[in-house]
Each structure stands twice: as C-alpha cells, then as structure tokens.
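Accompanying notes for the structure given below.
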Amino acid sequence: MDEAAAAARMHPGSIRRLLESGDLHGTQPKPGARWTIREECLEAYLDGIPCPHRQNVTAIES
C-alpha cells in the first residue's frame, strides 16, 4: 500500500480508505491481511476510468 500511495502521491491512509470503500480496486486474502493493488488498477483510478478487472466482477445477490 505504501508503494501505491507514493505512486499516487497520496497518504497510505487515503489509499486504505479507497480500497475499503471499493473506489480503488484491490484484493485482500482475508480481513486484516495486506492489500494487493495492481498497477493498472491504480492507474485506472487516477485516470478516472473503470478498472479493467472490475468489469469482470459480478455481484452475488442473496
């Protein structure tokens, strides 16, 4: 997350909030684990366009 924050020139806490809100696409194997952010996902967020990975995600309705 620190690398993404440096690349985006943002505070790591801001990156964490974006990940937790779903505004920035990233993966986390389990709650409390480290986040993984693909470079193309961060670039898409910074460019204001949808993440290419998010287009393939479908919501599960219960």
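Is it the case that the range 55-62 has a residue that's of a type in the set (D, E, K, R), open to solvent by 80 Å² or more (accessible area, probe 1.4 Å), part of a loop (DSSP other than H, G, I, E, B) and at pLDDT below 90?
Within the range 55-62, one or more residues are of a type in the set (D, E, K, R), open to solvent by 80 Å² or more (accessible area, probe 1.4 Å), part of a loop (DSSP other than H, G, I, E, B) and at pLDDT below 90.
Any idea which of (1) open to solvent by less than 70 Å² (accessible area, probe 1.4 Å); (2) outside any loop (DSSP other than H, G, I, E, B); (3) modelled with pLDDT of 95 or more is the one Arg17 doesn't satisfy?
Going through the list (1) open to solvent by less than 70 Å² (accessible area, probe 1.4 Å); (2) outside any loop (DSSP other than H, G, I, E, B); (3) modelled with pLDDT of 95 or more, Arg17 breaks only (1).
The values are calculated or read from the model by the stated rules, or taken from the named source; none is laboratory data. Remember, it's a predicted structure, so these values are computed and weren't measured experimentally. For the accessible areas, the whole protein counts, side chains as well, though only heavy atoms, and no ligand, DNA or RNA atoms are used. Shrake-Rupley method; radii C 1.70, N 1.55, O 1.52, S 1.80 Å.
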